[in-house]
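A quick write-up on the structure given underneath.
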Amino acid sequence: MLALFLAALESDEDRRRFSALYERYHGKMERIAIGILRDQRDAEDAVQNAFLQIIRHFEKVSEIPCEELPFWSISIVKNEALLLLRKR
């Protein structure tokens, strides 16, 4: 899945930064989504949707202070998980 996300980015620098963000926060984002949704497949969907949102707004990532990135990524996955929960 990471390769698909990387293909959506234009520059090598963006791909490198996204890869680092993905590797660093993917596990925690998935645990948060599982905690909300109580379903592995739905949690994976929420995490994928969250990373798509991150890619859509990737130019803003460099503006976010490093210490706020974990909270920002968790906030996005929580919102995506809650959207999926409401759709059920």
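The values are calculated or read from the model by the stated rules, or taken from the named source; none is laboratory data. Keep in mind that this is a model prediction, so the values were computed, not measured. Positions of Cβ are generated from backbone atoms using ideal geometry, with glycine treated the same way; all protein chains shown enter the neighbour counts. The protein model used for the area step is the full one, side chains on, heavy atoms only, and it has no ligands, DNA or RNA in it. Shrake-Rupley method; radii C 1.70, N 1.55, O 1.52, S 1.80 Å.
The selection criterion, being in a helix (DSSP H, G or I), in contact with a helix residue (DSSP H, G or I) (Cβ under 8 Å, 6 or more places away or on another chain) and free of Cβ contacts under 8 Å to residues at least 40 places away in the same chain, holds for Arg15. Residues in the stretch 18-41 that are assigned to a helix (DSSP H, G or I) and more than 16 Å from Ile74 (Cα to Cα): 3 in all.
Only a single item in (1) surrounded by 12 or more Cβ atoms within 10 Å (Cβ to Cβ); (2) assigned to a loop (DSSP other than H, G, I, E, B); (3) of a type outside the set (A, V, I, L, M, F, W, C) is not met by Glu10, and it is number (1).
Scan the stretch 53-72 for residues that are in a helix (DSSP H, G or I) and open to solvent by 70 Å² or more (accessible area, probe 1.4 Å) and report the count.
Of the residues in the stretch 53-72, 7 are in a helix (DSSP H, G or I) and open to solvent by 70 Å² or more (accessible area, probe 1.4 Å).
Name the single residue, out of those in the stretch 33-44 being at negative phi and out of contact with any Asp or Glu (no Cβ under 8 Å at 6 or more places or on another chain), that is surrounded by the most Cβ atoms within 10 Å (Cβ to Cβ). Filtering the stretch 33-44 for residues that are at negative phi and out of contact with any Asp or Glu (no Cβ under 8 Å at 6 or more places or on another chain), the one surrounded by the most Cβ atoms within 10 Å (Cβ to Cβ) comes out as Leu37.
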